[in-house]
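Trainee: Can you keep this structure in mind? I'll have questions shortly.
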Amino acid sequence: MASSWDGRGLASRALTAMFHTTWDLITPENIAQALGAPAAFLAVVISLTHMARHWRYNKTKIRKSTVRLLFVVPIFALDCWACLMLEASRYEWAELLTGIREVYEAIALVSFLELVLTISGGTRHLGELMLRRAEEEGPTGGTKHPWPLRLVTARYKAGPELLRMMLLGIFQYVFVCLLYMFLITCVWTMDRLHLLTPQVSLVVKALPNLMKAVSCAFALSCLLLFAHDVKDLVPSCGLAGKFLSIKGIVFFTFWQGFVIRLSQRTGQFGAVQQALTKKALKNGIDAEWWDDAELRCGLNDFLLCFEVLFFSVLHLYAYPAREIERMPEEVQARIRLEERPGIDRIVSTVNLMNLGRLKREILSLADVSPTDSSDGGGGKGSTLVAAAEPLIW
């Protein structure tokens, strides 16, 4: 009987030792990874389910741009969690993954622009409305960017010229982000081949980041001028909520990174890190930490795993699948699409070639010009020269 109890005691001690050893191997980063995984996974499930509802019920011309916008959540969620898992990798995969996330940010911005133009009836239609308004209001001083961009940019004439320049200013961000991704990949490859010293690598990486920051600031300035100039010409349709639910993710990414970097510079992280280290040691957890750069990026990615979950729920209300039922009748007639969404419609969502067609449509605004002609009453009227049909659909 005694030997039986000894055997049970030995097994109990063996299990305790095994699990205690496993617990010793856990680090604070592992806990963050484990907590971030279900949040990111749930955000992806909610978002993909919402997109499936759009493919089934959304029979409008804005379905393609809407689904592209909704893809922000799965891409950001998977990217953030992957960065969280690979933050300490000696190959620095997190750096490349962050670049992919930022490229899709630009695609989402242009997709939102496409959605607005579609609801408005197309680029040329909006340009014609702006031209008529400019003729009714008479000559103005034009529009300029806010300071300091106004120091290096020209004044834009109200009407199609302003619309064309603002849309091109937003559109350039896509190409700059693609170039940014290419340059970051080149620098990353040279780092792996030990062709750059750490000091040179930091300097070289700063150049693409500066280029992207300037491009982003210019694109956002163009977007604000565009919104201010067309707000009375575009049906509302909840566009403010749609925009904030997409750019809010990017907003959190930027400002969280800024606050985290500032906290690290001012030594606020030191006190928090010491408290967590003390707590970890007390509970038998390995107190090993990422280095400062990894901790800064890792914390931002960890928080984003939960924030994309919030935005996946917000998208259910900002981009409802049966949204057309809530829109004004004139907008419903403009964007209604009767065919059922088949596999070709699903594939077209990931086909980004129509962004090139959108660019050509924007450039065609240069052909929108007033032509004097006599109206029925014998006075002077204004017609518009339309060289081509809208290409956005």
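Trainee: Could you please let me know if LEU162 is in contact with a strand residue (DSSP E or B) (Cβ under 7 Å, 6 or more places away or on another chain), closer than 28 Å to ALA333 by Cα and not polar (S, T, N, Q)? Reasoning before the result, please.
Mentor: On the way: in contact with a strand residue (DSSP E or B) (Cβ under 7 Å, 6 or more places away or on another chain): yes; closer than 28 Å to ALA333 by Cα: yes; not polar (S, T, N, Q): yes.
It is true that LEU162 is in contact with a strand residue (DSSP E or B) (Cβ under 7 Å, 6 or more places away or on another chain), closer than 28 Å to ALA333 by Cα and not polar (S, T, N, Q).
Trainee: So is VAL174 more than 30 Å from ILE119 (Cβ to Cβ) and either at pLDDT below 85 or β-branched (Val, Ile, Thr) (or both) or not? It would help to see each step written out before you state the result.
Mentor: On the way: more than 30 Å from ILE119 (Cβ to Cβ): no; either at pLDDT below 85 or β-branched (Val, Ile, Thr) (or both): yes.
Answer is no for this residue.
Trainee: Of the numbered conditions (1) under 20 Å from ALA217 (Cα atoms); (2) surrounded by fewer than 20 Cβ atoms within 10 Å (Cβ to Cβ), GLY142 satisfies every one except a single condition; which is it?
Mentor: Status for GLY142: all satisfied but (1).
Trainee: Suppose the filter is open to solvent by 30 Å² or more (accessible area, probe 1.4 Å), farther than 18 Å from LYS242 by Cβ and at pLDDT below 85; does ALA32 pass it?
Mentor: Working: open to solvent by 30 Å² or more (accessible area, probe 1.4 Å): no; farther than 18 Å from LYS242 by Cβ: yes; at pLDDT below 85: yes.
No.
Trainee: To continue, here is another question. Go through region 53-62 and give me each residue that's out of contact with any Lys or Arg (no Cβ under 7 Å at 6 or more places or on another chain) and open to solvent by less than 50 Å² (accessible area, probe 1.4 Å).
Mentor: ASN58, ILE62
Trainee: Quick check, is THR123 over 27 Å from PRO208 (Cα atoms), surrounded by 18 or more Cβ atoms within 10 Å (Cβ to Cβ), modelled with pLDDT under 85 and not aromatic (Phe, Trp, Tyr)?
Mentor: On the way: over 27 Å from PRO208 (Cα atoms): yes; surrounded by 18 or more Cβ atoms within 10 Å (Cβ to Cβ): yes; modelled with pLDDT under 85: yes; not aromatic (Phe, Trp, Tyr): yes.
Judged against the criteria, THR123 is a match.
Trainee: Among the residues in region 188-201, are any surrounded by fewer than 15 Cβ atoms within 10 Å (Cβ to Cβ) and of a type in the set (Gly, Ala, Ser)? Working first, answer last.
Mentor: Of region 188-201, the ones surrounded by fewer than 15 Cβ atoms within 10 Å (Cβ to Cβ) are 189-190, 192-195, 197-200.
In the following step, the residues that additionally are of a type in the set (Gly, Ala, Ser) were identified as none.
The answer is no, given that none of the residues of region 188-201 is surrounded by fewer than 15 Cβ atoms within 10 Å (Cβ to Cβ) and of a type in the set (Gly, Ala, Ser).
Every residue, every condition in (1) of a type outside the set (D, E, K, R); (2) more than 30 Å from CYS237 (Cα to Cα); (3) part of a helix (DSSP H, G or I), yes or no:
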position	(1), (2), (3)
PHE76	yes, no, yes
ASP79	no, yes, yes
ILE100	yes, yes, yes
LEU113	yes, no, yes
VAL116	yes, no, yes
GLU161	no, no, yes
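Trainee: THR277: buried (at least 19 other Cβ atoms within 10 Å of the Cβ), modelled with pLDDT under 85, of a type outside the set (Gly, Ala, Ser) and not in a loop (DSSP other than H, G, I, E, B), yes or no?
Mentor: Values: buried (at least 19 other Cβ atoms within 10 Å of the Cβ): no; modelled with pLDDT under 85: yes; of a type outside the set (Gly, Ala, Ser): yes; not in a loop (DSSP other than H, G, I, E, B): yes.
Criteria not met by THR277.
Trainee: I'm told PHE41 meets every condition in (1) crowded, with 21+ Cβ neighbours inside 10 Å; (2) under 30 Å from ILE184 (Cα atoms) except one. Can you identify the failing condition by its number?
Mentor: Among (1) crowded, with 21+ Cβ neighbours inside 10 Å; (2) under 30 Å from ILE184 (Cα atoms), PHE41 violates only (1).
Trainee: Continuing with the same structure: For LEU129, are the conditions met, namely being of a type outside the set (Val, Ile, Thr), assigned to a helix (DSSP H, G or I) and open to solvent by 10 Å² or more (accessible area, probe 1.4 Å)?
Mentor: Working: of a type outside the set (Val, Ile, Thr): yes; assigned to a helix (DSSP H, G or I): yes; open to solvent by 10 Å² or more (accessible area, probe 1.4 Å): yes.
Criteria met by LEU129.
Trainee: Take PHE254 and decide whether it is part of a helix (DSSP H, G or I), open to solvent by 30 Å² or more (accessible area, probe 1.4 Å), closer than 13 Å to GLY169 by Cα and not basic (Lys, Arg). Give the steps one after another, and end with the answer.
Mentor: Working: part of a helix (DSSP H, G or I): yes; open to solvent by 30 Å² or more (accessible area, probe 1.4 Å): yes; closer than 13 Å to GLY169 by Cα: no; not basic (Lys, Arg): yes.
Judged against the criteria, PHE254 is not a match.
Trainee: From the list GLY270, GLY241, which one is assigned to a helix (DSSP H, G or I) and modelled with pLDDT of 75 or more? Talk me through it step by step, then tell me what you get.
Mentor: Details: GLY270 fails: modelled with pLDDT of 75 or more.
Within the list GLY270, GLY241, the selection yields GLY241.
Trainee: Six or more apart or on different chains, Cβ atoms under 6 Å: show the pairs whose first residue is in region 177-204 and closer than 16 Å to ALA94 by Cα and whose second is at pLDDT 90 or above and open to solvent by 50 Å² or more (accessible area, probe 1.4 Å).
Mentor: Note: no pairs meet the criteria.
The values are calculated or read from the model by the stated rules, or taken from the named source; none is laboratory data. No experiment lies behind these values; they were computed from the predicted model shown. Every residue, glycine among them, receives a Cβ derived from its backbone with ideal geometry; neighbour counts consider all protein chains shown. Accessible surface areas use protein heavy atoms only, side chains included; no ligands, DNA or RNA. Shrake-Rupley method; radii C 1.70, N 1.55, O 1.52, S 1.80 Å.
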